[in-house]
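First comes the structure, then the notes that go with it.
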Amino acid sequence: MSINKITRMAVIAASLALAMASTAFAATNSGKILLSQGATVNGTTLKAGSYNAKWEGEANNVTLRILDGNKVVATVPAHMVDLGSKADNNAVLLTGATSVRSIAQIQFAGNAHALDLTGSDSSKPMGN
């Protein structure tokens, strides 16, 4: 085999590895959530229904985007908290009066970390 073919194969292999790594990384930073009732997040009222959650950042510096289809309907700062064990299901924890519920935390099945939207230390924050 010539050096050009070996180089070309190495570049292709590296490109495939990078593409697979970015896909895996993206998959770990998104999930589906279901609101069984309306709730607010960062001043935006969300109706009951299914949404996509996507986030960027780590530990105490996370930006969460909630999407309805491909449309971003809310953006909110959050921080990751350690649940101590993996969540069994996707879950949205709400807080506040029955008529004015706010999203406090989002947990994802199979993940031992959750997104906390309260800004408080109600769970053990990561990285502290």
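Tell me the Kirkwood hydrodynamic radius of the stretch 30-125 in angstroms, computed as one over the mean inverse distance between distinct C-alpha pairs.
13.3
What full-extension length gain, to one decimal in nm, is calculated for Lys54 and Ser85 as 0.36 nm per residue of separation minus the Cα-Cα distance?
Length difference between fully extended and current span is 9.0 nm.
Percent antiparallel among DSSP beta bridges with both residues in the stretch 22-120, to the nearest 5?
95
Readers should treat all values here as calculations from the given coordinates under stated rules, not as data from a laboratory. Fair warning: this is a prediction, and the values are worked out from it, not measured in the lab.
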